Amino acid sequence: DPPIGRAVTPLSLSSVVPGIRARAMNVSRSGYRVFSANSTPASTELAKKITERLGVELGKSVVFQESNSETKVDLKESVRGQDVFIIQTIPRDVNTAIMELLVMTYALKSACARNIIGVIPYFPYSKQCKLRKRGSVVCKLLASMLAKAGASHVITMDLHQKEIQGFFSFPVDNLRASPFLIQYIQEEIPDYRNAVIVAKSPSAAKRAQSFAERLRLGLAVMHGDAHHSESDMTDGRNSPPSTRTTAGHTGLELPLMMAKEKPPINVVGDVGGRIAIVVVRFACNRISGLFMWHQFMFLVLIHADFI
C-alpha cells in the first residue's frame, strides 16, 4: 500500500516542474488551439499577436512547398476533440494560400478536430460572386471546397457583398473594420475636420457615405473610367448578328444596343484645399494619379495584404 500522506495537487506539481501548470491550462482550460496556415510574415505575425492576446501557445505545424510546388502540412501536436482556429492571410500568391488553407483544414479534420474555424481577414475570390459574361461564380466554388475540406465556421472581414454568406453551408461571421478605421482617422489624422470622404467609384458611394455620416464630413465621388470590371459590354451572347428581322414581320428590326461611353475620370464634390480620405480595399494608380496635386491624401485600406 502507498504511504499515507498529502496528495500531490496540480499546484504542488507545478512548483516542482515550473511551467507545467501554465501549459496545461493553455490546452485543457481553453479547449482550443490556434494555428497559422502559412509561413508568410504577415500570417505568422497576426497569429502570434492573437495567441499572445488570448494567452495560449501557437499550434506547432509545418507548412511548406514540395519541389514540384505541392503543398504539404505536418501537424506537430494532437488536436483530437478540440476547436481549432486557422489564421490565414492572403498574400499576392492567392492560389497557393488557398491550397494551404484547404490542405491544413483537411489535415485537422483527419486528426479528429472537433470544430475547424477559418479566420480569413480577406476572403479570396469574393469579387467573383456574380455571373458575368461566360464566367462562373468562383466564390461559391471556394465556399463549397472549404465545406468539403472540413471547415465548420469562417470568420472574415468586409466581404465584397454580404450576400456571399449564403454560399456557405456553415455559419459565417462577417466582421466590419469601419469602427477601427474611424477611430484611426480621429486619432491619427491631424485636423480631420477639414477632410472629405472620397468614394473611388459610384458603386463605393454607399460605404463612403457611411464613413462621412459617422465622422460628420463631406462626401465626394470619383466618376468616369476608361475600363471597368462590371461594364456590360458585348460578350458574344447577343451575336451574331446584333440586329435581326423578326419572323413574320418583314422590315421590323430590333433596336441597336449602344455601347456605354464613360467620361474621363473626374471628382464630383468639393475637395479643393481639403484632406482627401479615400477608403478602398486596395490601392490603385487611378486614385494616386488623380489626387497627386492635392496637398494631403490618406488611403484607409481595409485589406492591406495586397499592398
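The numbers here are math on the coordinates, done by the rules we state, and not lab data. Keep in mind that what you see is a predicted model, and the values were worked out from it rather than measured. Ideal geometry is used to build each Cβ from the backbone, glycine not excepted, and the neighbour counts take in all protein chains shown.
Rounded to the nearest Hz, the phi-derived 3J(HN,Hα) couplings of segment 162-168 under the Karplus curve 6.51 cos²θ - 1.76 cosθ + 1.60 (θ = phi - 60°) are 5, 5, 4, 4, x, 6, 8, where x marks glycine and proline. Evaluating 6.51 cos²θ - 1.76 cosθ + 1.60 at θ = phi - 60° for every residue in segment 131-138, the Karplus couplings come out as 7, 10, 6, 10, x, 8, 8, 5 Hz, glycine and proline recorded as x. Just tell me which lysines come within less than 18 Å, Cα to Cα, of Lys162; anything on the same chain fewer than 8 places away is out. List returned: Lys127, Lys130, Lys140, Lys206. Taking amide hydrogens as placed 1.01 Å from N in the peptide plane, the amide H of Phe85 sits under 5 Å from those of Arg33, Val34, Phe35, Ile117, each at least 5 positions away in sequence or on another chain.
Amide H to amide H distances under 5 Å link Ser61 with Lys76, where only residues 5 or more positions off or on other chains count and H is placed in the peptide plane. Distant-in-sequence amide contacts of Ile189, defined by a placed amide H-H separation under 5 Å and a gap of 5 or more residues or a different chain, comprise nothing.
Subtracting the Cα-Cα distance of Glu52 and Arg80 from 0.36 nm times their residue separation leaves 7.8 nm of extension gain.
Computed FRET efficiency, Cβ-Cβ of Asn266 and Tyr184, R0 41 Å: what is it to the nearest 0.05? Mind dumping the intermediate values first?
On the way: r = 28 Å, r/R0 = 0.69.
It comes out at approximately 0.90.
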